[in-house]
Amino acid sequence: MLRVGLVRLGLGLLLSMALDSCSGRGWPTGFDWGGGSTAAANRAPVAHAGLDQEAAVADTVQLTGMGSWDADGDPLTYRWTSLDGADLDVVTLATPRFVASVPRLYRFVLVVNDGTVDSAPDEVQVTARPVDDPTGSRRTLTADLPGSATMEFVWIEAGTFTMGSPSSEVGRRDNEGPLHQVTLTRGFWLGQCEVTQGQWYAAMGTRPWLGQAYAQANPAHPAVWVRWEDAQALVQRLNEWAGEALYRLPTEAEWEYSCRAGTAATWSFGSDVARLPDCAWYGDNGSQAGLAWAQPVGTRRANPWGLYDMHGNVWEWVVDGYSAYSDAPQTDPQGPLSGARRLVRGGGFDTSAEGTRAAFRYDLGVGNQRNGSIGIRLVRVR
């Protein structure tokens, strides 16, 4: 948006200057220098919905279409539309307002009219931050890895949330209930992205995805064809290299808390499945669209806490074994560390929309679960 907006505004200024120069300042812009006829044809106006913004939850946010322009100098009328149901106060103003009531991404489109024709639509986005992030810049950490590689982490504050899904949620499975309150008493660093092939190779010196189906060798792609035991081997290697126990897999509760990022909807961006392609690689824009493997990490929109690919791209191992939920409130819960059933979360590039929901749980047998749609995201404890 920023780049597009500036280009459009710059073109408007250049075109206005060119018109002033060509008209000799006193000539009307429709003057025919060849003596032949007529006023110039009406040109469509250009909408400019302003620059993308950030706000805190409960802030009143003002949009601005004042950068819109018309090459013929005609007066403009404005028409704003919310793409996700947000309530603008007056949609026909150049500068309408709305309240960012929940932490998520808000999207708006502006169309202007010069009395004859509409402009092309222009989109602006507003990211509403959770109230625990008043500065708008969550803490991040760049950790050194073996082989001169690095890994980015985002600080996740301690907090309380509701885990699981309501019985009314589309695509819900029985193992996602009952809803229950979970309190995490300790903050932690969580990988901003899934572990990449480049990071895995730097640490482990192996490429388990080579020659395998549904995987493309690329340092920016997620490391795949890794079992839960392989993920634990990576953790052990990084801790040995660091000289202390810094790394581990997230618990299932930590994973869902981070995925939801202060929200309680189907996905971290809300419950409108039409927005999923912007935020996730999954079946509809992945395997069913001709993409035979996971995509480079961080190429869809981040969730409100700055984490990428929590929905889709590849499933992610958690440390817990599978256990049924209880409706009792829990503090720092963790499922069994041993057993025949392991959990992955988040969905993959070949998963249905329902499988990428924040509450979706997929339990697998231990030992032989290697494929091109399962990867890893790490916790760093400090």
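What follows is calculated from the coordinates using simple rules that are stated; it is not laboratory data. Keep in mind that what you see is a predicted model, and the values were worked out from it rather than measured. Glycine also receives a Cβ, built like all others from the backbone with ideal geometry; neighbour counts cover every protein chain displayed.
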Report the antiparallel proportion of the DSSP beta bridges in the chain as a percent, rounded to a multiple of 5. 85 percent
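First check a/c for the range 151-247, with a ≥ b ≥ c the square roots of the eigenvalues of its C-alpha gyration tensor; if it is under 1.5, answer rounded, and if not, answer prolate when a/b is larger than b/c or oblate otherwise.
On the way: a/c = 2.62, a/b = 1.47, b/c = 1.79.
Because a/c hits 1.5 or more and a/b fails to exceed b/c, the range 151-247 counts as oblate.
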Footprinting proxy, T127, T196, T183: sorted fewest to most Cβ within 10 Å, the residues are T183, T127, T196
Nearest 10, in degrees from 0 to 90: the angle of helix 228-242 to the longest Cα principal axis of the chain is 90 degrees
Can you tell me which of T81, T142, T266 moves the most in a GNM of the chain? Springs connect C-alpha atoms under 10 Å apart. T142
Quick one: helix 2-22 against the long Cα principal axis of the chain, what's the angle to the nearest 10°, folded into 0 to 90? 10 degrees
Identified option (computed volume of the Cα convex hull per residue in Å³; candidates [x] 159; [y] 138; [z] 180): [z]
Which ³J(HN,Hα) values, rounded to whole Hz and listed in residue order, are derived for the range 264-280 from phi using the Karplus coefficients 6.51, -1.76 and 1.60 in 6.51 cos²θ - 1.76 cosθ + 1.60 with θ = phi - 60°, glycine and proline given as x? 10, 8, 4, 10, 5, 9, x, 10, 8, 5, 5, 8, 4, x, 6, 10, 8
Which one of Q212, F349, T196 is farthest out on the positive end of the charge dipole of the chain, using unit charges on Cβ (Lys, Arg +1; Asp, Glu -1) and the Cα centre as origin? Q212
Give me the orientation-averaged projected area of the Cα convex hull of the range 276-382, in nm², one decimal. 8.0 nm²
